[in-house]
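**Student:** Starting off with a structure, shown below.
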Amino acid sequence: MPLPHMPRGRTHDTTPEPPTRPPTGPAAEPGGAVLAGALPLAGAVAGGAALALESVVNGRLGGHTGSVSAAAWSNTLSLGVTAVAALFLTGLRPAFSALLARLRSGTLRLRHCLGGVAGGSMVLTQALTAAALGPASYTLALVSGQTLCGVLVDHLGLGPGTPRRATRRRLLGGLLAVCAVALPMLGAPDEGHTVALAVLPFLAGCALSWQMAVNGKVDEAAGQHPYPAVLLSFAAGCALMVATLAVLAALSRLPRPQPGPLWHYTGGLLGCVVVLSAVLTVRRIGVLAAGLGMITGQVLGSLVLGPLLGQPPAGPAMAGAVLLIGAAVLAAPSAGRARTAVVPSPRPDRTADGPGRGGN
């Protein structure tokens with residue numbers, strides 16, 4: 001039997017499409033989006049606790065070696081540990097190649113690779129003021145600047161991805177964080193002296209938010225491989241400290257170091273934990289939420305370290321810790337905005353009108 005004549009040109013396939021299977025995996029599960037936001041937030045809290053301990057360690061080291069020498073040692077140790085880690089990691093060549101390509105194209109600026117300058121200045125303030133202020137007061141000053149600048153950095157989109165607008169929910173989280181750090185500060189016995197000393201860690205907290213943002217940019221440019229951002233961060237901080245040491249040596253103002261316990265020299269190891277946790281969490285939940293998670297860890301860590309150092313926390317400090325946990329939850333991205341697989345709705349067969357338009 002001869003086949004019917006088919007007209008030339010485009011034909012319409014009337015075969016019905018197979019039914020679309022519902023998505024599977026963590027994104028499709030009801031609690032997947034909540035878990036995707038909770039894990040990075042927990043990592044940020046752990047990084048903040050490490051930062052609180054690093055402040056104590058570097059502050060003690062600065063007491064018997066000098067603040068600049070302590071900061072230089074801490075950054076140098078962090079850089080050395082990061083360099084050794086390269087021997088055990090994979091995917092470094094493609095990550096650095098992608099980073100260089102972004103720098104050459106201009107989509108990534110050189111200033112984004114200098115986040116370690118802010119980190120080095122923060123370590124310097126640890127050595128200068130942490131021992132004098134104590135864990136609680138130093139942490140409060142640091143997180144005040146970190147919170148206020150975190151809202152601005154996130155809203156302006158200085159970090160990776162699209163800008164995260166300062167919605168009412170996030171503004172409430174930032175305001176709650178400010179109230180949380182203000183409670184213990186107002187209860188300080190020597191309020192005027194504490195506030196004067198707190199200026200440097202406050203500015204360091206502002207710089208820390210910027211560092212988290214630009215390190216996130218480097219992480220994004222390297223194909224979300226955290227190593228280049230961590231390495232460049234410690235390299236820039238170490239260069240700043242070495243230059244500062246050279247100036248002080250030329251002016252003959254370097255203090256004579258005194259012997260101290262071995263654990264006073266471990267701040268650089270904790271610095272690796274802090275920077276790595278910041279890089280990994282900023283890409284997931286943004287600068288503001290990651291910053292508030294770190295703030296919560298810092299305050300909780302300082303409350304634990306206080307009694308160990310003979311400085312038990314007061315009632316306002318405990319209330320501030322509870323408020324900060326609530327602030328971190330409010331500032332975190334809502335679960336509804338997490339990326340989930342979309343199930344296309346069934347469409348009627350449009351054999352007469354040609355192929356239908358895509359759902360995107």
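A short reminder: the numbers here are calculations on the coordinates, not readings from a lab. In this text, all values refer to a predicted model and were calculated from it rather than measured experimentally. Heads up, the Cβs are rebuilt from the backbone with ideal geometry, glycines too, and the neighbour counts pull from every protein chain shown.
**Student:** For the range 45-126, what value does the Rg/Rh ratio take when both radii are computed over Cα atoms and Rh is the Kirkwood radius, given to two decimals?
**Tutor:** With Rg and the Kirkwood Rh in hand, the quotient comes to 1.07.
**Student:** Turning to a different aspect of this structure: Can you tell me the Rg and Dmax of the range 86-160, counting just the alpha carbons, in angstroms?
**Tutor:** Here Rg and the maximum Cα pair distance are 17.2, 47 Å.
**Student:** In addition: Which trypsin sites (Lys or Arg not before Pro) does the range 145-181 hold that lie in a coil by DSSP with at most 13 other beta carbons within 10 Å? Numbers along the way, then the final one.
**Tutor:** Working: sites: R164, R165, R168, R169, R170; in loops: R164, R165.
Listed in order of number, the matching sites are R165.
**Student:** In what sequence do E220, E54 fall when counting other Cβ within 10 Å, fewest first? Could you put the intermediate results ahead of the total?
**Tutor:** On the way: E220 20, E54 27.
Ranking E220, E54 by Cβ neighbours within 10 Å, fewest first, gives E220, E54.
**Student:** How would you order 256-262, 213-219 from highest to lowest mean count of nearby Cβ atoms within 10 Å?
**Tutor:** 213-219, 256-262
**Student:** Another question, then. With a sphere of radius 14 Å drawn around the Cβ of L108, what net charge do the other residues whose Cβ falls strictly inside it have (Lys, Arg +1; Asp, Glu -1)? Don't skip to the answer; put the middle values down first.
**Tutor:** On the way: positive: R102, R104, R109, R111, K217; negative: D219, E220.
Net charge around L108: +3.
**Student:** Using Cβ contacts closer than 10 Å as the measure, can you line up F88, F234, F96 from fewest to most?
**Tutor:** Working: F88 6, F234 27, F96 16.
Fewest-to-most ranking of F88, F234, F96: F88, F96, F234.
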